[in-house]
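Data block below; observations after.
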Amino acid sequence: MSENKKTPFVGYEYKEAAVPSEQVSLYIDCYASFGWEPDENVSASSKSGITTLRLKRDRKIINKMELTRLQRQFEACAREIQELERSRNTAATIWALAVGMIGTVFMAGSVFAVTHTPPIYWLCVLLAIPAFAGWISPYFLYRYKVRVQTQKVQPLIEEKQEEIYEVCQKAYALL
């Protein structure tokens, strides 16, 4: 006679999380601290740098309210880190575009000076110099601003990462 052993039924709750593709491992490890595990029945999907994780956990997990509170704190910290990462490029892009636009205005003035009747060549050359400087300098300005902003936000990012690790440790202790 074969003995049929039934495994006990476990009810799961499910969650989808859209995370940056380069940080998938971090998110999987952190969500594990809150009782979530990857759902092996559905694979993660990736699109344009964002990976959608599909997770599950036991519905009857103990300390669910506290775990949920800590999970929200983790997710808020993760969003803040993403915003800080994004801020590195945002200010630099704005500065570079502004300088490029000013260079374009000077070039337009130079073109108007040369197409004037009679042409004003000295004004054309005078306006072309800052125009070309305005077209060349945004690259260097962008790199400089990114470097400065990175130095400014890196300590904040590290602080948030430390907060994430503390939250995950507290949550793991509750499991």
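The values are calculated or read from the model by the stated rules, or taken from the named source; none is laboratory data. Worth saying up front: this structure is predicted, and the values here are computed from it rather than measured. Here the Cβ positions follow ideal geometry from the backbone for every residue, glycine too, while neighbour counts run over all protein chains shown. To get the accessible areas, we keep the full protein, side chains included, count just its heavy atoms, and leave off ligands, DNA and RNA. Shrake-Rupley method; radii C 1.70, N 1.55, O 1.52, S 1.80 Å.
Yes or no: region 125-142 includes at least one residue that is in a helix (DSSP H, G or I), in contact (Cβ under 8 Å) with a residue 40 or more places away in the chain and within 20 Å of the chain's Cα centre (by Cα). Yes, some residue in region 125-142 is in a helix (DSSP H, G or I), in contact (Cβ under 8 Å) with a residue 40 or more places away in the chain and within 20 Å of the chain's Cα centre (by Cα).
Looking at region 22-43, is at least one residue acidic (Asp, Glu) and either in contact with a Cys (Cβ under 6 Å, 6 or more places away or on another chain) or within 30 Å of Gln151 (Cβ to Cβ) (or both)? Before you say what the answer is, go through the steps one by one.
Within region 22-43, the subset acidic (Asp, Glu) is 22, 29, 37, 39-40.
Still in the list and also either in contact with a Cys (Cβ under 6 Å, 6 or more places away or on another chain) or within 30 Å of Gln151 (Cβ to Cβ) (or both): 22, 29.
Among the residues of region 22-43, at least one is acidic (Asp, Glu) and either in contact with a Cys (Cβ under 6 Å, 6 or more places away or on another chain) or within 30 Å of Gln151 (Cβ to Cβ) (or both), which makes the answer yes.
Any residue at all in region 11-30 that's farther than 27 Å from Tyr165 by Cβ and either in contact (Cβ under 8 Å) with a residue 40 or more places away in the chain or among the acidic types (Asp, Glu) (or both)? Checked region 11-30: at least one residue is farther than 27 Å from Tyr165 by Cβ and either in contact (Cβ under 8 Å) with a residue 40 or more places away in the chain or among the acidic types (Asp, Glu) (or both). Scan region 120-175 for residues that are of a type in the set (Ser, Thr, Tyr) and open to solvent by 100 Å² or more (accessible area, probe 1.4 Å) and the total you get is 5.
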